[in-house]
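Below is one structure, written out as structure tokens; the observations come after it.
Derivation of every value follows stated rules applied to the coordinates shown; laboratory data play no part. Quantities reported herein were computed from a predicted structural model and do not represent experimental measurements. Every residue, glycine as well, gets a Cβ built from its backbone with ideal geometry; the counts of neighbours run over all protein chains shown.
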Amino acid sequence: MTALPRNAPQAGVAAKASGRDLLRFLTCGSVDDGKSTLIGRLLVDTGLVPEDQFAAAKRASKDGFDYALLLDGLAAEREQGITIDVAYRYFSTKQRSFIVADSPGHEQFTRNMATGASTSDLAVLLVDARKGLLLQTRRHATIAALMGIRHVILAVNKMDLVQYGEHAFNSVLDEFRPHAEKLGIRVTAIPLSALTGENVVQRAASMPWYSGPTLLAALETIDVVSDAPQKFSFPVQRVSRPNSEFRGYQGTVAGGRVRVGDPVVAIPSGQSSRVQRIVTFDGDLAEASAGDAITITLADEIEAGRGAVLAHPEATPPAVENFTAHLVWMSDAALDTGRDYLLRTPTALAPARVSALRNRLDVVQLAETPAETLAKNDIGLAAITVERPVVADRYADNRRLGSFILVDRMSNETVAAGMVIEPILSTQNVFWQKFDVSREDRTRAKGQMPAIIWLTGPSGAGKSTVANLVEGVLTRAGHHAYVLDGDNVRHGLNRDLGFSAAERTENIRRISEVARILADAGLIVIVAAISPFARDRAAARATAEDVGFYEVFVDTPLEICAKRDPKGLYNRARAGKIGNFTGVSAPYERPDAPDLHLYGDNETPLQEARKVIDLLARKGHIRADA
Amino acid sequence: MSTVANSPLATGVAPIPVRPAHICRIEAEAIHILRETAAEFARPVLLYSIGKDSSVLLHLARKAFYPGPIPFPVVHVDTGWKFREMIAFRDRMAKEIGFELVVHTNPDGVAANINPIEHGATTYTDVMKTQALRQVLAKLGADAAIGGARRDEEKSRAKERIFSARGKGQRWDPKAQRPEPWGLANTRLLPGETMRVFPLSNWTEIDVWEYVRAERIPLVSLYLAAKRPVVRRGESLIMVDDGRFPLAPGEKPEAMSVRFRTLGCYPLTAAIPSTASTLDALITELRNSKLSERQGRLIDGERGDSMEAKKIEGYF
Ligand SMILES: Nc1nc2c(ncn2[C@@H]2O[C@H](COP(=O)(O)OP(=O)(O)O)[C@@H](O)[C@H]2O)c(=O)[nH]1
């Protein structure tokens, strides 16, 4: 080990510290349940409101003293008389320092509440004892839990207005318990009055039936279960190279602890080394743990720049291109699944898309419903695809490495906050296996050249009918053909997909891949799929690579399709019973230059099928006499 | 010259107390923010006002980049009306610590002889501080300016982001702030935009003083009580730091034991009567104090939201 520049190695910063620690908590609940009053009360009763501020608020109070006036900062908020943005408040007692994320109560500011929760260890959820649980109370509890808060103090407020009755308190608690159980959060319930201060800092004589702690006592003593992961992980923020001798990785420990001599692996390069020194301005450390901002030097030169993660070899976080995540939508512009966003994680900035939106979360009922987009304040479950691998851990395992934001590329607006549910280990660890039998061998054995016939057109245009006839003709002639039907595929392979633009794209992507595999196996593949978007059809052609690919437009006017309506779909779509129905409520992009144009209004299905067979023969895929 | 940490008055400071856990956490957070700024921006600068908050910031920057040097210039906007001790202290720090110091004064303001006495606080602050800051940021091509503002200082600051984007002309739009979940910074800028970065956002005034004490950070001695020549202006005590201060006929500065809770330009910063001549005494006095920190700042007064209005204009 190299010489230590300053003091001898010491224990980690956290171990060195003692005394007052820090609790970050969130205050939330429905508007008017008394949140501002409660915080004002806490600040005043812990002696933290300066006299001049108190006097200014007193002057502005209409009658009595309005504690809320101590808090609302921005002029716009004062004008509207509501709390819009998260405000941070600070107070401390002998036991603890507190950072309070004071979040707005209105439903239209749910996203701000989520932001406040993201850095909090605990939530104080306000309920008006007279009104009981409101939708907003449930909503806030759900979001707090989703953001990783495991402990909630249910502050049952305005007890002075219910004659300090135990019954009112218990009924709120009974109502809340099942919701909390579903969310897996621990609950401490406290009856109090923010206005009078009872059970806030001072114990209330008015509620002898309550023997638990006051709010402040609870805040001072609750042991917040740390979600911090056990194994060491350390995102590199920057590499310090003050001279050719020194190469230090600077960053903050995201989880676990590290000691000098420990083995580490750098993700994504996969190279490994050992910790040589843990450098700080105050001298080298022997070990460091979660939350410490340090500089690490390694025994070997390895590939690890900004964005890399140094981790314990037994618990390396995955670097992936795909993951599923919860998204809290924050922008006025709704989620656009086709759009390119920038993904910002604690370690990386990379172009990304929301490749599919699975569901929207009903945060009140705790139910998931299918959705096509997310509007401001919605929470949804989505699949994210990144242009290159990024480190993404489960949020449940590592709050730091599992969090991200999405940024709009044009406006630079932060449009969403995200939490990784599951990283999807994909191709990076899967190698392409080479096999001896080539496509030429298969072609020779089958006496045909594989091809993909891609039938596109609106529902009811006759794609399946034509496909069925073509397959029949070919099979009877001794050829090997197979129909991939868009509807049928949705019963199995694609049963997780809906009909939003993004899911249609994914539907077609999968069909294209399967078509290509079947063609590679030597078959003539007949795809019958609406495939309404030109770019998806172009992508299918690209996927086919060197396999003959023929886009066949089954061009049947919509009136005729609707009149045929074999599955009764047009009727239901026009009645508004089906959303996103091509030709009714979703677009169909006509092919500009199809390889073959079939006219459903004045050709019979057999004539159409014949034209397809002729095309295959002309292009040399099948024998001319088929 | 005397400073808090090495002044004779401060030698009574007790051995370094063990740092409370919460101080370790906010220190680590500030270091993280400083490193992030250095990594994400092409040309960050650190704004240094010579006060306690910027001194803490400077100290944190040394820690963040150790063993390397502070990788960006340290900028001081000199209004020409700082306390003399502050300027001497600034130059000494630059030499001792070895950072790149850039001092800027608005030349137009100097040419027009804009001063706080004749032109009033509003015009003076706009020309010599706000405009001057814009000039120097433009001159350096700075895309990020790191400042020592804290959220507990003032109500409108309580909602400002750690990474706070400024539009053209350094304006702040409180309604268009980017959310910062998990402290994840969206550091993207459009052409003409710049970023303000506040690593001390989550610090309180007491935190700053406890940290100054624990880390023995040198400060100008004006923060500690001493007998100084002051005159009364309304409710305020103003220190007469040089011959430019206009005294009323027959008026004589009286020697009073005072200290400064914040330091700005001397004619605009009121002193408070105090006998706290050591850091320990100061921290005790602060804990018992019933007045807010900005009470000594004469520019805040009038309207309830004047700080917010100034920030929209680009005041730090
Ligand atoms: N009687 C009574 N009124 C309260 C109590 N807490 C708050 N209030 C009143 O309820 C109203 C809404 O309180 P406020 O703190 O502004 O609610 P917020 O929207 O949650 O911040 C105000 O008129 C308060 O004075 C309480 O404990 N008892």
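Positive end of the charge dipole of the stretch A:293-403 (Lys, Arg +1 and Asp, Glu -1 on Cβ, about the Cα centre): tell me which of A:Val354, A:His312, A:Thr295 has its Cα farthest that way.
In the stretch A:293-403, that residue is A:Val354.
I want the antiparallel fraction of DSSP beta bridges within the protein assembly as shown, as a percent rounded to 5. Walk me through the numbers on the way to the answer.
On the way: 93 of 153 bridges.
Expressed as a percentage, antiparallel bridges in the protein assembly as shown total about 60.
List the trypsin sites (Lys or Arg not before Pro) in the stretch A:539-626 that DSSP assigns to loop (not H, G, I, E or B) and whose Cβ has at most 16 other Cβ atoms within 10 Å. Which are they? Walk me through the numbers on the way to the answer.
Details: sites: A:Arg541, A:Lys563, A:Arg564, A:Lys567, A:Arg572, A:Arg574, A:Lys577, A:Arg610, A:Lys611, A:Arg618, A:Lys619, A:Arg623; in loops: A:Lys567, A:Lys577, A:Lys619, A:Arg623.
Sites meeting the loop and neighbour criteria: A:Lys567, A:Lys577, A:Lys619, A:Arg623.
With the Cα gyration tensor of the stretch A:207-301 in hand, give its eigenvalues times 5 under a square root as the equivalent ellipsoid semi-axes, listed largest first in whole angstrom. Intermediate results must be reported in sequence, preceding the final value.
Numbers: eigenvalues 309, 42, 22 Å².
Equivalent ellipsoid semi-axes, largest first: 39, 14, 11 Å.
For the pairs A:Lys231/A:Lys376; A:Lys231/B:Lys63; A:Lys567/A:Lys619; B:Lys159/B:Lys227; A:Lys131/A:Lys376, note any where the Cα-Cα span goes beyond 32 Å.
Working: A:Lys231/A:Lys376 36 Å; A:Lys231/B:Lys63 26 Å; A:Lys567/A:Lys619 35 Å; B:Lys159/B:Lys227 38 Å; A:Lys131/A:Lys376 27 Å.
Where the Cα-Cα span goes over 32 Å, the pairs concerned are A:Lys231/A:Lys376; A:Lys567/A:Lys619; B:Lys159/B:Lys227.
How would you classify the stretch A:515-562 from its alpha-carbon gyration tensor, with a ≥ b ≥ c the square roots of the eigenvalues: rounded for a/c under 1.5, else prolate if a/b is greater than b/c, otherwise oblate? Present the calculation step by step, with values, prior to reporting the outcome.
Details: a/c = 3.12, a/b = 1.95, b/c = 1.60.
It is prolate, given that a/c is not under 1.5 and a/b is the larger ratio.
May I ask which residue of B:Asn113, B:Val77, B:Ile97 lies farthest towards the positive end of the charge dipole of the stretch B:77-127, with charges of +1 (Lys, Arg) and -1 (Asp, Glu) on Cβ and the Cα centre as origin?
B:Ile97
What does the charge dipole of the stretch B:78-140 about its Cα centre add up to, to the nearest 20 debye, if the Cβ of each Lys and Arg holds +1 and the Cβ of each Asp and Glu holds -1? Each step should come with its number before you reach the end.
Values: 8 positive and 8 negative charges, 24 e Å.
With Lys and Arg at +1 and Asp and Glu at -1, about 120 debye.
Please give me the summed charge of the neighbours of A:Ala609: other residues whose Cβ is under 11 Å from its Cβ, Lys and Arg +1, Asp and Glu -1.
Working: positive: A:Arg610, A:Lys611; negative: A:Glu471, A:Glu603, A:Glu608, A:Asp614.
Net charge in that neighbourhood comes out at -2.
Counting alpha carbon pairs within less than 8 Å and at least 6 residues apart, what relative contact order, in whole percent, applies to chain A? Don't skip to the end; give the middle numbers.
Numbers: 1311 pairs, mean separation 60.8, N = 626.
The normalised contact order for chain A reaches 10 percent.
State to the nearest 20 debye the size of the charge dipole of the stretch A:115-206 about its Cα centre, where the only charges are +1 on K and R beta carbons and -1 on D and E beta carbons. Write down the numbers at each step before the final one.
On the way: 10 positive and 8 negative charges, 48 e Å.
With only Lys, Arg, Asp and Glu charged at Cβ, the dipole is about 220 debye.
Would you list, by chain and number, the aspartates and glutamates whose Cα falls below 13 Å from the Cα of A:Lys35, excluding same-chain residues fewer than 8 positions away?
Within the straight-line limit of under 13 Å, A:Lys35 reaches these aspartates and glutamates: A:Asp66, A:Asp72, A:Asp102, A:Asp128.
Hey, could you grab the Kirkwood Rh for the protein assembly as shown? Inverse mean 1/r over distinct alpha carbon pairs, Å, one decimal. Mind dumping the intermediate values first?
Numbers: mean 1/r = 0.0315 Å⁻¹.
About 31.7 Å for the protein assembly as shown.
Give, as a single signed number, the net charge of other residues whose beta carbon lies under 11 Å from the beta carbon of A:Thr137, with Lys and Arg counted +1 and Asp and Glu -1.
On the way: positive: A:Lys131, A:Arg138, A:Arg139; negative: A:Asp33, A:Asp128, A:Glu175.
Result for the local shell: 0.
Tell me the Kirkwood radius of the stretch B:8-128: reciprocal of the mean inverse pair distance over distinct alpha-carbon atoms, in Å.
Details: mean 1/r = 0.0596 Å⁻¹.
Evaluated on the stretch B:8-128, it is 16.8 Å.
Under 20 Å Cα-Cα from A:Lys94, which aspartates and glutamates qualify once same-chain neighbours fewer than 8 residues away are excluded?
Correct list for A:Lys94: A:Asp21, A:Asp45, A:Asp121, A:Glu220, A:Asp223, B:Glu27, B:Asp152, B:Glu205, B:Asp207, B:Glu210, B:Asp280, B:Glu285.
Relative contact order for the stretch B:210-276 using alpha-carbon pairs under 8 Å, separation at least 6, rounded to a whole percent? Walk me through the intermediate numbers first.
Values: 100 pairs, mean separation 24.2, N = 67.
Relative contact order for the stretch B:210-276 comes out at 36 percent.
Along the charge dipole of the protein assembly as shown, Cβ charges K/R +1 and D/E -1, which of A:Val236, B:Ser277, A:Leu343 sits furthest on the positive end?
Result: B:Ser277.
With +1 assigned to the C-beta of every Lys and Arg and -1 to the C-beta of every Asp and Glu, and no other charges, what is the dipole magnitude of the protein assembly as shown about the Cα centre in debye, to the nearest 20? Walk me through the numbers on the way to the answer.
Working: 117 positive and 113 negative charges, 139 e Å.
Computed charge dipole of the protein assembly as shown: roughly 660 debye.
Cα to Cα, under 20 Å, and not fewer than 8 places away if on the same chain: which aspartates and glutamates meet these conditions relative to B:Lys252?
Cα-Cα hits under 20 Å: B:Glu235, B:Asp241, B:Asp242.
Working only with C-alpha atoms, what are the Rg and Dmax values of the stretch A:444-507, expressed in angstrom?
My reading of the Cα-based Rg and Dmax gives 14.3, 42 Å.
Once every DSSP H run of n ≥ 4 in the protein assembly as shown is given -39500 (n - 2.57) and the sum is divided by its residues, what mean residue ellipticity at 222 nm do you get, rounded to the nearest 500 deg cm²/dmol? Let's see the in-between values first.
Details: 25 runs with 253 residues, N = 942.
So the helix-based figure for the protein assembly as shown works out to -8000 deg cm²/dmol.
Measuring from centroid to centroid over Cα atoms, what is the spacing of the stretch A:468-489 and the stretch B:261-288 in Å?
89
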